[in-house]
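Q: Mind having a look at this structure? Questions to follow.
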């Protein structure tokens, strides 16, 4: 079996860039009658549409209400008859916007963990890959829209899908929000994430120009399908106010574009799957019956040496060994390359000069043999799978089996009532908002009437209509009276009770309490502490009310990640470069599914292969929420002082963007400081040397003076010695003269004479 044959049998590693990759079953443009599955889909859609009609009506009303349409036509007419204005003090909108800003203050951080130890290296890359997909999809803004629908209508959706035509045919994974009114759910579902729903459907109108961009390979089916002029959105019973149109008008009568209704039906079904476990390398996977047959046809090698036997079943390893198998005819030995000193493979059995006991026999088989020997186990089990069928204008566009067990459309339910129609904050607290509007309208009407200018004139004394035109202005009233009957008593306006203002304030507080968004969190200054740090602390404490909303958000994102992993692994099979911008501003780059070839164009290895392995991805808890910067920084500062973290980790917890630049400049400053300190120490040493030199110089000068004094003393001594010697010589001469004179005078005998030396010594 050749390497190419083994590669072709691996259908579970499908190719990218064609519709066949995604497993499409194409519809037909020539069908004279509707496909039974299409009729079934349309029947289900009509049933689901009727069941949710009331909820969808409330959704639209809530959306209009949030956007300022908070008075009905009847209410406005009644107010106008009394001379009151329909005042709207919309407190819901800023609170929803504040909640969105808080829940999406930061980009969600995803962490992938490998279920197998061999996949740990790829898990880190998978985390970055998921983050990259999030950025490419502009999912931050899509998530904001999902949260908006969550507060307004009670239900927001995020959708993950494959776009095989993006990135020059390599495909892209897209995550975006879906309008809740486009989604139709099994009304019998009780699960928060619709895991128990039999069907989940998406229906919407798409113009041909846009549809042909999405489905270019189905142009013939699209253009031959039925057109649609009206949309399924129900209309609101709230009449437009202030010339605002909150929902799109779907009357396409004056539109040159042709619109068609596209229905995506997702159906969960049970299918037989095989849990495959390879005991030789601990590899496991889930395969269909067809995929199992192809898997068992894959080649593997048995490498037999002198003292051991190795079974190689890994697909990439087998492909690399195929090259050696073809070059050596299944037998090779090792020799030392004289130029490099490294061992190298040589065809045939070992001989003189070969590395001893290096002969290896390569036996090529298919995995069916391992299955027969029970070294590969395959257990049949029933698994959930999702079938997608897309219809357009009464025709089937295509159908395919998705590699996931749960629906790719993930809901974010607000107040879940164990049905597909949750309640929303806007609907729940709408009476409070209406009460505030009524009180404010009453206050303004009272202020207007209490400041009216009233003219009391005798009946018939003036032309009333002319006077009103000349004097007429806002708040002016002309009252006629019969002077013969006496002047009327005009009562002054009754002041509004203080309870009315108190009730408005309490209603405002109740509304804030219900949403968990207080005025200080919206930037208001009432009741704020005098210090900035105290204000931030109160704001942080107020966020504890958001914990339940945070749980709803993170749970939805975790479910979204679970569905995205198999779609990513199925789509991203070709080499792909991902570039990410770190918070520090540095760019990180990975190459996934990188294929390495030898000089002959043969595949050697696949680096960062994300198509294999099993992973779990979870969003880091609290990663999207704002944090108490002061408390966090103080905490990490204590850790830094204790030596538990370094400067880099400390700076990450600050708002410093260029962390690496700061550390580089800090290192340079530290180095310069060390140089200055070293120079200062050198100066100190030089000063000490100078002081020592001065002392030594002084000592030298003193030694010179002493030596000079000694020389002087010596000179004096010499002169003294010379003088003494001269005196002694003169004395000796004198003595000798005296001795001669004595001898001459006394004539004594020599024996009786005293020696001259003795006499001199006596003297």
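The values are calculated or read from the model by the stated rules, or taken from the named source; none is laboratory data. Because the structure is predicted, anything quoted here is derived from the model rather than measured. Please note: Cβ atoms are built from the backbone with ideal geometry, for glycine as well, and neighbour counts cover all protein chains shown.
Q: Yes or no: segment 305-317 includes at least one residue that is crowded, with 17+ Cβ neighbours inside 10 Å and either without any contact (Cβ under 8 Å) to a residue 12 or more places away in the chain or under 30 Å from residue 47 (Cα atoms) (or both).
A: Looking through segment 305-317, none of the residues is crowded, with 17+ Cβ neighbours inside 10 Å and either without any contact (Cβ under 8 Å) to a residue 12 or more places away in the chain or under 30 Å from residue 47 (Cα atoms) (or both).
Q: So if I check each of 295, 266, 274, which one is farther than 30 Å from residue 225 by Cβ, assigned to a strand (DSSP E or B) and touching a strand residue (DSSP E or B) at 6+ places or on another chain (Cβ under 9 Å)?
A: Checking each option against the conditions leaves just 274.
Q: On to the next question. Just a yes or no: is a residue in segment 172-187 at pLDDT 90 or above, surrounded by fewer than 17 Cβ atoms within 10 Å (Cβ to Cβ) and under 15 Å from residue 406 (Cα atoms)?
A: no
Q: Tell me whether segment 733-744 contains one or more residues that are modelled with pLDDT of 75 or more and under 60 Å from the mean Cα position of the chain (by Cα).
A: No, segment 733-744 contains no residue that is modelled with pLDDT of 75 or more and under 60 Å from the mean Cα position of the chain (by Cα).
Q: Here are 265, 252: which of them is surrounded by 12 or more Cβ atoms within 10 Å (Cβ to Cβ) and at pLDDT 90 or above?
A: When all the criteria are applied, what remains is 265.
Q: Please determine whether any residue of segment 344-363 is surrounded by fewer than 15 Cβ atoms within 10 Å (Cβ to Cβ) and assigned to a helix (DSSP H, G or I).
A: Looking for residues that are surrounded by fewer than 15 Cβ atoms within 10 Å (Cβ to Cβ) and assigned to a helix (DSSP H, G or I), one finds none in segment 344-363, hence no.
Q: It is to be established whether one or more residues within segment 127-146 are in contact with a helix residue (DSSP H, G or I) (Cβ under 6 Å, 6 or more places away or on another chain), assigned to a helix (DSSP H, G or I) and either within 29 Å of residue 191 (Cβ to Cβ) or at pLDDT below 90 (or both).
A: The initial filter retains those residues of segment 127-146 that are in contact with a helix residue (DSSP H, G or I) (Cβ under 6 Å, 6 or more places away or on another chain), namely 144.
Add one more test, that the residue is assigned to a helix (DSSP H, G or I), and what stays is 144.
Adding the requirement that they be either within 29 Å of residue 191 (Cβ to Cβ) or at pLDDT below 90 (or both) leaves 144.
The answer is yes; a qualifying residue exists.
Q: Condition (residue is part of a strand (DSSP E or B) and either in contact (Cβ under 8 Å) with a residue 60 or more places away in the chain or touching a helix residue (DSSP H, G or I) at 6+ places or on another chain (Cβ under 9 Å) (or both)) applied to segment 185-198: is it met by at least one residue?
A: yes
Q: Which numbered condition in (1) surrounded by fewer than 16 Cβ atoms within 10 Å (Cβ to Cβ); (2) within 30 Å of residue 277 (Cβ to Cβ); (3) at pLDDT 70 or above is the only one that residue 605 fails?
A: (3)
Q: Would you confirm, using the coordinates I've provided, whether residue 621 is over 28 Å from residue 282 (Cβ atoms), modelled with pLDDT of 70 or more and not in a strand (DSSP E or B)?
A: Taking the combined requirement at face value, the residue satisfies it.
Q: Which of the following residues is touching a residue at least 12 places away in the same chain (Cβ under 8 Å), at negative phi and over 37 Å from the mean Cα position of the chain (by Cα): 44, 89?
A: The match here is 44.
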